[in-house]
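Student: Quick one: the structure is below, questions incoming.
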Amino acid sequence: MLFFVIILSAMRKAYNFRLYPNKVQRETLDSIFSFCQFFYNCALEERILYYKTFGKGIGYNKQSSYLPEIKKLFPQETANINGQVLQQILKHLDKAYKNFFRRIKKGMKEPGFPRFKSKDRFRSICFPQVNHDLSSSQGKGGIIRRANNKLYVSGLPGELKVKWHRPLQGRVKQALIIKKGEQYYVSFACEDVATKLLPQTNKSVGIDLGLKAFITMDDGTTFHHPKPYKTAKEKLALLNQKLARKQKGSKNRRRAKNQLTRAHQKIANIRDDWQHKTANHLIKEFDDIVVEDLNIKNMMSKEEKKKKQAVAKAAGTFHIEVKNENISDAAWGNFVAKLTYKAESAGRNIIQVDPRNTSKMCCNCSNIKRGLALSERTYHCDACGINIDRDLNAAINIRGRGGLETTSILQRHGIGLATSLTDVSEANKLLLTIHNMDTDERNIMMIEPAVNLAF
Ligand SMILES: [Zn+2]
């Protein structure tokens, strides 16, 4: 018997919008964040103490049962805080604990005990049950979008100005108010966002994610991650200096820190925007996109990193180089995440492949080079003699691993079937490799230059 299963594709998506609180709203928000941070730390402290005293843990249910008491203890501080927001903090802590125990069970060396949070680390509060269309029909949930497009947030005086730069889709499940530096955002987690399928292009691509070019496509096109402008770098250095001169705990230090956060945020926004645009471009252009599996790539590069770090340490550039590498790891991860969710909603395929040896392997004859220093920008194959840009070679290999044909790609680069000619000058003879891509057979022939090569 046959069963036909129809899968309705619907997605989850988060929509972020900038908030523009006025002075009073900002002060209220700050005091809400401040109490929530304090509350989180107290709840963590309680868990630790409870365990030390009674030899057993205290769970979410017990902790949340004290909420009415806490509200009585801190009537002023909690007056503007939605009860569900406090519950959510306890749930969040509960989850952090569960994750911690899960990691211990797995035998991880650094299971990461839940940490106390400083002001800078406490970044969001959660409204878990907003109405799916943000209306006030049931009058609950704590967040309502008014007819004038302003946002009512439970506990805040008046209504908040929002920059709705894109339409909300699907059903809103929950809302977060996020603090980044001195800026506020609202993030709506939506479900059942309809997928919008893009028309097929019958085109596919393999891409290499690298350090020199952020992306190299198998047709040789490269995309460079925007680098912070020189002026931005100078500004960062200046702000860093300024911060270092301020006294710890002083108001001026706080101000300098905020300035620095804003400057970093600005650069991060430029990069994020660039990644969105580049991912959109790829998704629009190609049905199938093959990328490296970053889990393996990062794992692999750990070894290399260790070696390079030792060199950098000796050269005195350790701090800068390690920082740069971590940034590129994060950037690749962010980019592939964007690509993946955009692909999902557009009906495109992202194929992740094992990146091992994609740089060292020859895209023409599959010969694997023993050593390939990072500084070698051109891949030269000793077996078949081709010379090709290092990242392009990797991109073609990645494409091949994704199960896509590479013959036409190789031909486009003048490498295809039986085109590798190498001048073996001492012998004044040509070494010709005929590589049948269909059967993977390779024939290497020595021929006299006089022979007419008709392909
Ligand atoms: Zn080769």
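Student: Tell me which of these residue 7 doesn't satisfy, since it passes every other one: (1) surrounded by fewer than 13 Cβ atoms within 10 Å (Cβ to Cβ); (2) modelled with pLDDT of 95 or more.
Tutor: The one condition residue 7 does not meet is (2).
Student: Just to be sure before I move on: is residue 410 at pLDDT below 90 and either assigned to a helix (DSSP H, G or I) or more than 16 Å from the ligand (Cβ to nearest atom) (or both) in the structure I sent?
Tutor: Answer is yes for this residue.
Student: State all residues of region 246-290 that are of a type in the set (A, V, I, L, M, F, W, C) and in contact with a His (Cβ under 9 Å, 6 or more places away or on another chain); if no residue qualifies, say none.
Tutor: Correct list: 274 only.
Student: Please work out which residue is nearest to the ligand (Cβ to nearest atom), limiting yourself to region 327-365 and to residues that are touching a Phe, Trp or Tyr at 6+ places or on another chain (Cβ under 9 Å) and among the charged types (D, E, K, R).
Tutor: Among those residues, the one meeting the criterion is 360.
Student: Follow-up question, since we're still on this one. Looking only at region 194-208, which residues are of a type in the set (A, V, I, L, M, F, W, C) and either in contact with a helix residue (DSSP H, G or I) (Cβ under 7 Å, 6 or more places away or on another chain) or modelled with pLDDT of 90 or more (or both)?
Tutor: Once the filter is applied, which keeps residues that are of a type in the set (A, V, I, L, M, F, W, C) and either in contact with a helix residue (DSSP H, G or I) (Cβ under 7 Å, 6 or more places away or on another chain) or modelled with pLDDT of 90 or more (or both), region 194-208 yields 197, 198, 205, 207.
Student: Working only within region 32-90, note down all residues that are more than 19 Å from residue 126 (Cα to Cα) and either modelled with pLDDT of 95 or more or not in a helix (DSSP H, G or I) (or both).
Tutor: Within region 32-90, 55, 56, 57, 58, 59, 66, 74 meet the criteria.
Residue by residue, here is whether (1) part of a helix (DSSP H, G or I); (2) over 30 Å from residue 343 (Cα atoms) holds:
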{"residue": "244", "(1), (2)": "yes, yes"}
{"residue": "248", "(1), (2)": "no, yes"}
{"residue": "259", "(1), (2)": "yes, yes"}
{"residue": "264", "(1), (2)": "yes, no"}
{"residue": "277", "(1), (2)": "yes, no"}
{"residue": "280", "(1), (2)": "yes, no"}
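Student: For region 92-107, check the following and say yes or no: at least one residue is under 28 Å from residue 27 (Cβ atoms) and surrounded by 12 or more Cβ atoms within 10 Å (Cβ to Cβ).
Tutor: yes
Student: Inspect all residues belonging to region 16-24 and state whether any of them is at pLDDT 95 or above, touching a Pro at 6+ places or on another chain (Cβ under 6 Å) and not hydroxyl-bearing (Ser, Thr, Tyr).
Tutor: yes
Student: Which of the residues belonging to region 211-242 are in contact with a strand residue (DSSP E or B) (Cβ under 6 Å, 6 or more places away or on another chain) and either small (Gly, Ala, Ser) or not in a strand (DSSP E or B) (or both)?
Tutor: Of everything in region 211-242, those that are in contact with a strand residue (DSSP E or B) (Cβ under 6 Å, 6 or more places away or on another chain) and either small (Gly, Ala, Ser) or not in a strand (DSSP E or B) (or both) turn out to be 213, 214, 218.
Student: Those residues that are at pLDDT 85 or above, over 18 Å from the mean Cα position of the chain (by Cα) and within 22 Å of residue 331 (Cβ to Cβ), I need them from region 209-234; list them, please.
Tutor: Passing the criteria: 216, 217, 218, 220, 221, 222.
Student: Which of the residues spanning region 16-31 are part of a helix (DSSP H, G or I) and of a type outside the set (Val, Ile, Thr)?
Tutor: Within region 16-31, 23, 25, 26, 27, 29, 30, 31 meet the criteria.
Student: Which pairs turn up if I take residues in region 375-402 that are of a type in the set (A, V, I, L, M, F, W, C) and look for partners that are assigned to a helix (DSSP H, G or I) and more than 9 Å from the ligand (Cβ to nearest atom) with beta carbon separation below 6 Å, at least 6 apart in sequence or on another chain?
Tutor: That search, which allows pairs on different chains as well, returns 396/409.
Student: Restricting to region 69-91, count the residues that are surrounded by fewer than 17 Cβ atoms within 10 Å (Cβ to Cβ) and within 27 Å of the chain's Cα centre (by Cα).
Tutor: 1
Student: Follow-up. Mind listing just one residue for me: the one in region 366-381 that is part of a loop (DSSP other than H, G, I, E, B) and within 31 Å of the chain's Cα centre (by Cα) and, of those, nearest to the ligand (Cβ to nearest atom)?
Tutor: Here the residue is 372.
Student: Which residues, counting only those in region 145-154, are crowded, with 20+ Cβ neighbours inside 10 Å and within 23 Å of residue 78 (Cα to Cα)?
Tutor: Within region 145-154, 151, 153 qualify.
Student: Just name the residue that is nearest to the chain's Cα centre (by Cα) out of those in region 382-407 that are within 13 Å of the ligand (Cβ to nearest atom) and surrounded by fewer than 15 Cβ atoms within 10 Å (Cβ to Cβ).
Tutor: Here the residue is 387.
Student: If you don't mind, another one. If only one of 114, 128 is under 29 Å from residue 254 (Cα atoms) and surrounded by 11 or more Cβ atoms within 10 Å (Cβ to Cβ), which one is it?
Tutor: 114
The values are calculated or read from the model by the stated rules, or taken from the named source; none is laboratory data. These numbers come from a predicted model, not from an experiment. Every residue, glycine as well, gets a Cβ built from its backbone with ideal geometry; the counts of neighbours run over all protein chains shown.
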